[in-house]
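The block underneath contains the structure these notes are about, expressed in structure tokens.
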Amino acid sequence: MQWIAMITMLIDHVGLIFFPESEMFRIVGRIAFPLYSWFLVQGYIHTRNHKKYMVRLFWMACISQIPFTLALQASDLNVIFTLLVALIGLYAMDHVADQKYKALILIGVFVTAAAVPMDYGIYGVILIFMIRYFSGLKLIGLHLLLNLLYFLDNGPGYWIQLFSIAGTILIAYPVNYRAMNKTKWLYRSFYPAHLSILFVISYLMK
């Protein structure tokens, strides 16, 4: 599953950088985010130290920002920041006992995701919460509803996002996370590494 996530993300970014007019690359790339979201949730469930998990994700996000900005000519924060914001929300849901404090954290999480420009933003955080608390047909149905709302809110130009449901179908039913997590160092480094390589290639081609 990690290989599917990495390859579909690579295809997406190759299309975005080198073939911006081709929709097929972007359609295939829609599979990646639900898979990365699932791995985030599974990592959260199985980690022994949630705070260390958050710190590691924070540094990954910081390291990835420069190659993300250069390779994709982006002005927003990269998707790992979105994963981190969602992770903070998940931690608050499960580990903050005071209901008022929990509510404040969750409000902060969703306001941040909606207000701060970041890849996938509020859409991504909502999907991660869906993956954490739902499975099977209910998860597929909720993600389909989210996609439809996203499409209606953003207009016809965002119809490609509807194809992300394919990624959710792959993880909607029980999957052996530990069996899927054997390439974790490659998986962790792949995001900044592939963006750096794509930037160098695109720069040399100019």
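The values are calculated or read from the model by the stated rules, or taken from the named source; none is laboratory data. On a predicted model such as this, the values are computed, not experimentally measured, just so you know. No Cβ is skipped: glycine too gets one built from the backbone with ideal geometry, and neighbour counts run over all protein chains shown.
A few comments on the model shown:
- Residue satisfying condition, being in contact with a Phe, Trp or Tyr (Cβ under 8 Å, 6 or more places away or on another chain), surrounded by fewer than 18 Cβ atoms within 10 Å (Cβ to Cβ) and in contact (Cβ under 8 Å) with a residue 40 or more places away in the chain, within set HIS46, HIS95: HIS46
- The residue pairs whose first member lies in segment 178-201 and is modelled with pLDDT under 85 and in a helix (DSSP H, G or I), whose second member is of a type outside the set (S, T, N, Q) and loosely packed, with under 13 Cβ neighbours inside 10 Å, and whose beta carbons are closer than 7 Å, counting only pairs six or more residues apart or on different chains, do not exist in this structure.
- Pairs where the first residue, in segment 1-21, is closer than 18 Å to TRP38 by Cβ and the second is of a type in the set (Phe, Trp, Tyr) and in a helix (DSSP H, G or I), C-beta under 6 Å, 6+ apart: GLN2/TYR187; ALA5/TYR36; MET6/PHE190
- Within segment 98-123, tally of residues that are surrounded by fewer than 16 Cβ atoms within 10 Å (Cβ to Cβ) and assigned to a loop (DSSP other than H, G, I, E, B): 3
- Only one of ILE63, ILE88 that is farther than 16 Å from TYR187 by Cα and either part of a helix (DSSP H, G or I) or in contact (Cβ under 8 Å) with a residue 24 or more places away in the chain (or both): ILE88
- Summed over segment 21-48, the residues that are assigned to a loop (DSSP other than H, G, I, E, B), over 18 Å from the mean Cα position of the chain (by Cα) and either among the β-branched types (Val, Ile, Thr) or modelled with pLDDT of 95 or more (or both) give a count of 1.
- Among the residues of segment 67-81, those that are in a helix (DSSP H, G or I), surrounded by fewer than 22 Cβ atoms within 10 Å (Cβ to Cβ) and touching a residue at least 40 places away in the same chain (Cβ under 8 Å) comprise PRO67, LEU70, LEU72.
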